[in-house]
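Heads up, the thing below is written out as structure tokens.
The values are calculated or read from the model by the stated rules, or taken from the named source; none is laboratory data. Computed from a prediction, not measured in an experiment: that's the story for all the values here. Note that we place each Cβ from the backbone using ideal geometry, even for glycine, and neighbour counts take in every protein chain shown.
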Amino acid sequence: MTIKVGDKVPAGKVKYMGADGKPAELSTDDLFKGKKVVLFGLPGAFTPTCSAKHVPGFVQQAGALKAKGVATIACISVNDAFVMGAWGKDQGSGDKVMMLADGSADFTKALGLEQDLSAAGLGVRSKRYAMIVEDGTVKWMGVEDAPGKLEHSGADQVLAHL
């Protein structure tokens, strides 16, 4: 079942590259508790739409999002922490967008936002989406209906709903 507005984000663990250059673990409870978070998911690091449009939009709009009360902007993908760390450097995410890894797609599956891209050689990946989460509860979300589209889950759409 797919998560929807009004639902609590499921408990889970994700990874990110720590300051020491080693993967670190973060619970989703710690990520969302007591604050406003924008979480956006996408099919894969270094893929065309993700690299050319989705992540750059959030990096560019980070100041405007934070001005609207967003404490954390986080990008999540079914990749490992090493790949997400390297992609974050490539995208210039710095302290603007936290790059999270869901290597086995456990959190993505708990959200009900997985898609099977095996035919393209990618295996199980995340759908492209964005959500506004306040203290662990989904307040708004936009999900794309095709992997290459960016019409409902970009930074501009998120800003319009804050």
When the range 141-160 is examined, which residues are found to be touching a Leu at 6+ places or on another chain (Cβ under 8 Å) and over 21 Å from T47 (Cα atoms)?
V158, L159
Could you list, in sequence order, all residues of the range 22-51 that are touching a residue at least 24 places away in the same chain (Cβ under 8 Å), in a loop (DSSP other than H, G, I, E, B) and not hydrophobic (A, V, I, L, M, F, W, C)?
K33, G34, K35, P43, G44
Restricting the range 43-58 to residues that are at pLDDT 95 or above and crowded, with 19+ Cβ neighbours inside 10 Å, the residue that is farthest from K13 (Cα to Cα):
G57
